[in-house]
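J.: Mind looking over this structure? Questions follow.
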Amino acid sequence: MTYFEPFGADTENASREAALRSIPHLHDMVLPCEVEVTTVMLPVVFARAGKVLAEAVERIHPDAVISIGEAGGRSAITPELQAFNENLARIPDNAGAQPHGEPIIPGGPDIAVSPVRVADITRAINESGIAAETSQDPGRYLCNNVAYRVARLAVPGIFIHVPALRTVGTATVGAETDAPPAPQPAPLSDTGRASLPETVCSAPLGESAAPVLPRCARTFDDLSLGIAAAIAELARQVAEGR
């Protein structure tokens, strides 16, 4: 499981907190097999993030990969269905680079689709009580770069965005995921990919009302619970494929 270092002027990155705090939740979950999670921090640097990811996969030989990033304009956890072969930066990365549309992998396909059942990952997060929705577009910043690479790994992989929460105050970065607006491709067909669900994000209903809808994540612990549910579901998919 990968997460990103802080970037811009911010000293926190919600992806780090979501990833690291998710592991203890796994002890309270029913898992289909033994699950061992290794975490790796990725730099917010276009020239290095892919290399660090590749080196980690070569070193660890994982059965699956989950990469976590933060999105400043989203209030739900959003597993990404696909990613695009384009680097486009609204702000410079941590090394000062600011690409303007260069391909991630020259000659690679325009779109890379996650090989896992993304709709089931989204469902599992919602069932944990934390609001989630499947996303078709991870933007064009570092999250998209890593999502594209993860989708093309030899093992099952998925990229998940979490809201850019902070311990105190609000994030000053993270909107790179949703700005500038990117063209929205048509939803994929049901041949191997479920249609996208409607957004589910609301405050919990009263005790007398049922069912209780998933709540928007408001704390790092909320994020970590949702990510733990995603890990458990991905483990089920991997176990089923063996």
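The values are calculated or read from the model by the stated rules, or taken from the named source; none is laboratory data. Treat the numbers as computed from the prediction; the structure is a model and nothing was measured. Using ideal geometry, Cβ is built from the backbone for each residue, glycine included, and neighbour counts are taken over all protein chains shown. For the accessible areas, the whole protein counts, side chains as well, though only heavy atoms, and no ligand, DNA or RNA atoms are used. Shrake-Rupley method; radii C 1.70, N 1.55, O 1.52, S 1.80 Å.
J.: Give the residue that is farthest from the chain's Cα centre (by Cα), with candidates limited to residues of the range 55-66 that are among the β-branched types (Val, Ile, Thr) and crowded, with 16+ Cβ neighbours inside 10 Å. Talk me through it step by step, then tell me what you get.
T.: At the first step, the residues of the range 55-66 found to be among the β-branched types (Val, Ile, Thr) are 57, 60, 65-66.
If we keep only those that are crowded, with 16+ Cβ neighbours inside 10 Å too, we end up with 57, 65-66.
Details: 57: 17, 65: 11, 66: 7 Å.
Among residues in the range 55-66 that are among the β-branched types (Val, Ile, Thr) and crowded, with 16+ Cβ neighbours inside 10 Å, the one farthest from the chain's Cα centre (by Cα) is 57.
J.: Looking at this structure, is residue 119 closer than 20 Å to residue 148 by Cα, assigned to a loop (DSSP other than H, G, I, E, B) and open to solvent by 10 Å² or more (accessible area, probe 1.4 Å)?
T.: no
J.: Could you pull out the residue among 240, 176, 198 that is closer than 21 Å to residue 88 by Cβ, among the charged types (D, E, K, R) and either modelled with pLDDT under 95 or assigned to a helix (DSSP H, G or I) (or both)?
T.: 176
J.: So is residue 21 within 24 Å of residue 236 (Cα to Cα) and free of Cβ contacts under 8 Å to residues at least 12 places away in the same chain or not? Steps first, please.
T.: Numbers: within 24 Å of residue 236 (Cα to Cα): yes; free of Cβ contacts under 8 Å to residues at least 12 places away in the same chain: no.
The answer is no for residue 21.
J.: Here is a further query. Residue 69 passes all but one of (1) of a type outside the set (Phe, Trp, Tyr); (2) surrounded by fewer than 21 Cβ atoms within 10 Å (Cβ to Cβ); (3) in a strand (DSSP E or B); which number fails?
T.: Checking residue 69 against (1) of a type outside the set (Phe, Trp, Tyr); (2) surrounded by fewer than 21 Cβ atoms within 10 Å (Cβ to Cβ); (3) in a strand (DSSP E or B), the one that fails is (2).
J.: Counting just the residues of the range 16-54 that are in a loop (DSSP other than H, G, I, E, B) and under 17 Å from the mean Cα position of the chain (by Cα), which one comes out nearest to residue 72 (Cα to Cα)? Lay out the reasoning, then the answer.
T.: To start, the set of residues in the range 16-54 that are in a loop (DSSP other than H, G, I, E, B) comprises 29-39, 43-45.
Retained after the next criterion (residues that are under 17 Å from the mean Cα position of the chain (by Cα)): 37-39, 43-44.
Working: 37: 26, 38: 26, 39: 23, 43: 18, 44: 15 Å.
Selected residue: 44.
J.: Could you list, ordered by first residue, the pairs with Cβ atoms under 9 Å in which the first is in the range 92-112 and part of a strand (DSSP E or B) and the second is surrounded by 12 or more Cβ atoms within 10 Å (Cβ to Cβ) and among the basic types (Lys, Arg), at least 6 apart or interchain?
T.: Close Cβ pairs satisfying both conditions: 101/140; 112/149; 112/152.
J.: Quick one: residue 47 ticks every box in (1) in contact with a helix residue (DSSP H, G or I) (Cβ under 8 Å, 6 or more places away or on another chain); (2) modelled with pLDDT of 95 or more bar one, so which box is it?
T.: The one condition residue 47 does not meet is (1).
J.: Among what's in the range 8-41 and is open to solvent by less than 50 Å² (accessible area, probe 1.4 Å) and in contact with a Gly (Cβ under 9 Å, 6 or more places away or on another chain), pick the residue that is nearest to residue 159 (Cα to Cα).
T.: Only one residue tops the list, namely 15.
J.: Right, next: May I ask you to list pairs of residues, at least six apart or on different chains, whose Cβ atoms are under 9 Å apart, with the first in the range 226-237 being under 10 Å from residue 130 (Cβ atoms) and the second being modelled with pLDDT of 95 or more and acidic (Asp, Glu)?
T.: Pairs that qualify, where the first residue is under 10 Å from residue 130 (Cβ atoms) and the partner is modelled with pLDDT of 95 or more and acidic (Asp, Glu), are 229/127.
J.: Consider residue 112 carefully, then state whether it is over 22 Å from residue 170 (Cα atoms) and touching a helix residue (DSSP H, G or I) at 6+ places or on another chain (Cβ under 6 Å).
T.: Spelling it out, residue 112 is indeed over 22 Å from residue 170 (Cα atoms) and touching a helix residue (DSSP H, G or I) at 6+ places or on another chain (Cβ under 6 Å).
J.: On to the next question. Which residues, taken from the range 135-146, are assigned to a helix (DSSP H, G or I) and either over 14 Å from residue 174 (Cβ atoms) or polar (S, T, N, Q) (or both)? Steps first, please.
T.: Filtering the range 135-146 for residues assigned to a helix (DSSP H, G or I) gives 142-146.
Once the filter is applied, which keeps residues that are assigned to a helix (DSSP H, G or I) and either over 14 Å from residue 174 (Cβ atoms) or polar (S, T, N, Q) (or both), the range 135-146 yields 144, 145, 146.
J.: Residues 147, 97: which one is at pLDDT 95 or above, farther than 28 Å from residue 22 by Cβ and touching a Phe, Trp or Tyr at 6+ places or on another chain (Cβ under 6 Å)?
T.: After ruling out the rest, the residue left standing is 97.
J.: Given the criteria of a type in the set (D, E, K, R) and in a loop (DSSP other than H, G, I, E, B), does residue 149 qualify?
T.: So residue 149 does not fit the description; no.
J.: Which members of the range 2-15 meet the condition of being at negative phi and part of a loop (DSSP other than H, G, I, E, B)? Before you say what the answer is, go through the steps one by one.
T.: The first filter runs over the range 2-15 and keeps only residues at negative phi, leaving 2-7, 9-15.
Hits for the range 2-15 are 5, 6, 7, 9, 10, 11, 12, 13.
J.: From 133, 127, grab the single residue that is in contact (Cβ under 8 Å) with a residue 12 or more places away in the chain and surrounded by fewer than 18 Cβ atoms within 10 Å (Cβ to Cβ).
T.: After ruling out the rest, the residue left standing is 127.
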